[in-house]
1. What pairs come up if the first residue lies in segment 114-125 and is charged (D, E, K, R), the second is loosely packed, with under 14 Cβ neighbours inside 10 Å and outside any loop (DSSP other than H, G, I, E, B), and their beta carbons are under 9 Å apart, counting only those six or more places apart or on different chains?
2. Output yes when any residue across segment 82-102 is of a type in the set (D, E, K, R) and within 14 Å of the chain's Cα centre (by Cα), and no when none is.
3. Tell me which residues, restricted to segment 113-125, are open to solvent by less than 60 Å² (accessible area, probe 1.4 Å) and either among the acidic types (D, E) or under 12 Å from the mean Cα position of the chain (by Cα) (or both).
4. What residue, among those in segment 23-60 that are of a type in the set (A, V, I, L, M) and in contact with a helix residue (DSSP H, G or I) (Cβ under 8 Å, 6 or more places away or on another chain), is nearest to K90 (Cα to Cα)?
5. Condition check: open to solvent by 50 Å² or more (accessible area, probe 1.4 Å), assigned to a loop (DSSP other than H, G, I, E, B) and modelled with pLDDT under 85. Does N18 satisfy that?
6. Just to be sure, is V41 open to solvent by less than 90 Å² (accessible area, probe 1.4 Å), part of a helix (DSSP H, G or I) and in contact (Cβ under 8 Å) with a residue 12 or more places away in the chain?
7. Filter segment 70-105 down to residues that are of a type in the set (A, V, I, L, M, F, W, C) and part of a loop (DSSP other than H, G, I, E, B) and give me whichever is most open to solvent (accessible area, probe 1.4 Å).
8. Every residue in segment 115-136 that is of a type outside the set (S, T, N, Q) and part of a loop (DSSP other than H, G, I, E, B), please.
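The values are calculated or read from the model by the stated rules, or taken from the named source; none is laboratory data. Quick caveat: nothing in here was measured; it's all calculated off a predicted structure. We place every Cβ from the backbone using ideal geometry, glycine too, and count neighbours over all the protein chains shown. These area figures cover heavy atoms from the full protein model, side chains too; ligands, DNA and RNA do not enter into them. Shrake-Rupley method; radii C 1.70, N 1.55, O 1.52, S 1.80 Å.
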Amino acid sequence: ENYGSDDDDDDNNNNTTNTFENGYFLSPAIFTNCRDDMRIVQEEVFGMLMCILTFDNEEEVLRRANATNFGLAAGIITNDMKTAHRMASKLRAGTVWINKTYNTTYPAVPWGGVKQSGIGRENGSAALGAWTTEKA
């Protein structure tokens, strides 16, 4: 499978390892020159990687970010907290981190995705529904 650009060549990719011959594994990596049509951009990849995409304005980045089938988490990095909160409210993702280390969760805060990233919530009082049965 080719998760990057058309010119990726596994023989020249220093991030791959032969230790895991039955899967696709790579060291922490930052992918630049990414496009919206790349699998690595469109799919929910669980690993230490970041895809860098450029944008011209808020409307464009929101449209593109919400165009995916997944919505587990999103991240916003900015110096303007008003912009950060405005953007976070419009992103269709279960969690939105703002200027924060990614993958940080707190036991009291519900965690879960939207769209094909799952239903329901873990953690916090929102998770009680998975462990209880309501009767009328």
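1. Taking only residues 6 or more apart or on different chains, the pairs are R121/G129; R121/A130; E122/A130.
2. Scanning segment 82-102, I find at least one residue that is of a type in the set (D, E, K, R) and within 14 Å of the chain's Cα centre (by Cα), so the answer is yes.
3. If the condition is that a residue be open to solvent by less than 60 Å² (accessible area, probe 1.4 Å) and either among the acidic types (D, E) or under 12 Å from the mean Cα position of the chain (by Cα) (or both), then G113, V114, S117 are the ones that fit.
4. By that ranking, first place goes to L53.
5. In short, yes.
6. Against the criterion (open to solvent by less than 90 Å² (accessible area, probe 1.4 Å), part of a helix (DSSP H, G or I) and in contact (Cβ under 8 Å) with a residue 12 or more places away in the chain), V41 qualifies.
7. Ranking the candidates gives I77 first.
8. Step one: list which residues in segment 115-136 are of a type outside the set (S, T, N, Q), which gives 115, 118-122, 124, 126-131, 134-136.
G118, I119, G120, R121, G124, E134, K135, A136, listed by residue number.
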